[in-house]
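Trainee: Here it is, the structure, as structure tokens.
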Amino acid sequence: MTTNPNTRAISGAAFATLLLIACLMGANHVAARIAFNNGVDVATAVLFRSTVTVLIVGVLILLQGVPLAFKARHKRALPFIGLLIGVQSLCLYSAVARLPVALALLAFNTYPLWTALWNRLLYRQHPERAMLLAMPVILLGLAMALDVLGASSGLGTTGQWQSIGAGVAFALAAAASFGLALVLTQHETTDLDGRVRTACTLGLAALVALVSGASQGGFHLPQVMAGWGGLIALTLLYGTGFTLMFTVLPKLGVAGNSAIMNVEPVFALVLAWLVLGQTIALVQIVGALLVVGAVMGLGLRKR
């Protein structure tokens with residue numbers, strides 16, 4: 001077979017499935033914000049969603065007879081990858097709890113920059129020219145979206161960063177840890193079945209959330225029905241999205257085209273406006289489109 005999966009056109013069904021996954025993941029973060037607004041803490045949300053997703057993927061592994069064959073390097077890398085995904089999950093939800101959902105996801109969408117940095121530091125691989133060209137576009141778009149000077153909010157630079165600083169820091173920490181997890185996955189576990197890898201890493205992420213919650217005095221369940229609705233919705237949306245990602249997409253042949261899912265912040269922006277009443281200024285929307293466009297361009301480029 002000579003077709004390059006990175007350049008092959010995808011079917012309409014595959015494209016629709018990618019957009020559906022992006023919508024599910026965006027909706028997952030909107031549901032998380034509802035849960036956080038009604039008494040749920042970050043560790044509880046991560047524990048619930050990770051545990052349920054691991055159970056779903058575990059059942060699929062059993063039903064589909066996926067072999068559990070681990071090489072020595074898999075055993076060395078998977079615990080660290082799982083720890084990173086746990087940290088990424090806690091940090092991203094912490095950002096969602098503090099920022100408008102779309103802005104938290106946009107700041108997280110800087111992870112390709114972190115991936116390039118970790119790849120350079122750990123494996124001495126220079127970033128591609130396309131990445132170098134995209135970096136300033138992503139950073140400019142992010143600066144516009146976050147309104148870093150406080151012009152749109154009217155708060156000024158100091159006031160704006162007092163408002164968004166902690167959330168942005170959590171989102172960037174999530175991006176950095178996710179970027180490192182991607183690099184380790186690519187170099188150390190790429191030959192491991194995606195379902196097995198997902199079950200292992202999310203199982204460890206659930207353990208990280210369990211330790212985090214226990215160390216902070218226990219878990220906080222919803223105080224009202226809206227909180228339960230948000231917690232159940234984020235769990236189902238996340239589990240469904242990941243199940244589609246690792247069962248349906250491989251059959252549809254979408255390798256190299258998953259960057260389409262980076263429209264997630266756009267879906268989140270619309271859903272957060274409809275459900276939460278969150279709005280951002282026009283210049284912030286333009287910045288958001290710059291970030292999403294640059295990241296999608298990186299993912300869809302021909303190699």
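Trainee: Within segment 222-245, is there a residue that is farther than 22 Å from F48 by Cα and modelled with pLDDT under 90?
Mentor: no
Trainee: Give the residue that is nearest to L117 (Cα to Cα), with candidates limited to residues of segment 166-221 that are part of a loop (DSSP other than H, G, I, E, B) and aliphatic (A, V, I, L, M).
Mentor: Once the filter is applied, the top-ranked residue is L192.
Trainee: Which one of these is at negative phi, surrounded by 14 or more Cβ atoms within 10 Å (Cβ to Cβ) and of a type outside the set (K, R): S215, S152?
Mentor: That would be S152, the only listed residue that is at negative phi, surrounded by 14 or more Cβ atoms within 10 Å (Cβ to Cβ) and of a type outside the set (K, R).
Trainee: With the requirement that a residue be among the β-branched types (V, I, T), modelled with pLDDT of 90 or more and in contact with a Ser or Thr (Cβ under 9 Å, 6 or more places away or on another chain), what does segment 1-44 give you?
Mentor: V42
Trainee: OK, next. Within segment 268-296, track down each residue that is of a type outside the set (G, A, S), under 19 Å from A97 (Cβ atoms) and in a helix (DSSP H, G or I).
Mentor: The answer is L269, L271, W273, V275, L276.
Trainee: On to the next question. Taking only segment 119-155 into account, find how many residues are assigned to a loop (DSSP other than H, G, I, E, B) and over 25 Å from Q186 (Cβ atoms).
Mentor: 9
Trainee: Next question, about the same structure. How many residues, within segment 119-130, are surrounded by 13 or more Cβ atoms within 10 Å (Cβ to Cβ), in contact with a helix residue (DSSP H, G or I) (Cβ under 9 Å, 6 or more places away or on another chain) and closer than 22 Å to I81 by Cβ?
Mentor: 3
Trainee: List the pairs whose first member sits in segment 205-233 and is in contact (Cβ under 8 Å) with a residue 12 or more places away in the chain and within 28 Å of P79 (Cβ to Cβ), whose second member is outside any helix (DSSP H, G or I) and β-branched (V, I, T), and whose Cβ atoms are under 8 Å apart, counting only residues at least 6 apart or on separate chains?
Mentor: From segment 205-233, the pairs are H220/V40; L231/V40.
Trainee: Follow-up question, since we're still on this one. Which one of A143, A107 is under 30 Å from N37 (Cβ atoms), of a type outside the set (V, I, T) and touching a helix residue (DSSP H, G or I) at 6+ places or on another chain (Cβ under 6 Å)?
Mentor: Of A143, A107, the one residue that is under 30 Å from N37 (Cβ atoms), of a type outside the set (V, I, T) and touching a helix residue (DSSP H, G or I) at 6+ places or on another chain (Cβ under 6 Å) is A107.
Trainee: Something else about it: Any chance segment 161-170 includes a residue that's touching a residue at least 60 places away in the same chain (Cβ under 8 Å), surrounded by 14 or more Cβ atoms within 10 Å (Cβ to Cβ) and at positive phi?
Mentor: Checking segment 161-170: not a single residue is touching a residue at least 60 places away in the same chain (Cβ under 8 Å), surrounded by 14 or more Cβ atoms within 10 Å (Cβ to Cβ) and at positive phi.
Trainee: Could you please let me know if E188 is surrounded by fewer than 22 Cβ atoms within 10 Å (Cβ to Cβ), modelled with pLDDT under 90 and not aromatic (F, W, Y)?
Mentor: no
Table: residues versus (1) of a type in the set (F, W, Y); (2) closer than 22 Å to D41 by Cα; (3) more than 14 Å from the chain's Cα centre (by Cα).
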{"residue": "I81", "(1), (2), (3)": "no, no, yes"}
{"residue": "L84", "(1), (2), (3)": "no, yes, no"}
{"residue": "L92", "(1), (2), (3)": "no, yes, no"}
{"residue": "A97", "(1), (2), (3)": "no, yes, yes"}
{"residue": "A107", "(1), (2), (3)": "no, yes, no"}
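Trainee: Cβ-Cβ below 7 Å, separation at least six or inter-chain, first residue in segment 136-148 and closer than 16 Å to T279 by Cα, second among the hydroxyl-bearing types (S, T, Y): which pairs?
Mentor: As it stands, the answer is D147/S153, since those pairs meet every condition given.
Trainee: If S258 passes every condition in (1) polar (S, T, N, Q); (2) at pLDDT below 80; (3) under 25 Å from G154 (Cα atoms) but one, which one does it miss?
Mentor: Unmet for S258, out of (1) polar (S, T, N, Q); (2) at pLDDT below 80; (3) under 25 Å from G154 (Cα atoms): (3).
The values are calculated or read from the model by the stated rules, or taken from the named source; none is laboratory data. Computed from a prediction, not measured in an experiment: that's the story for all the values here. Positions of Cβ are backbone-derived with ideal geometry, glycine not excepted, and every protein chain shown enters the neighbour counts.
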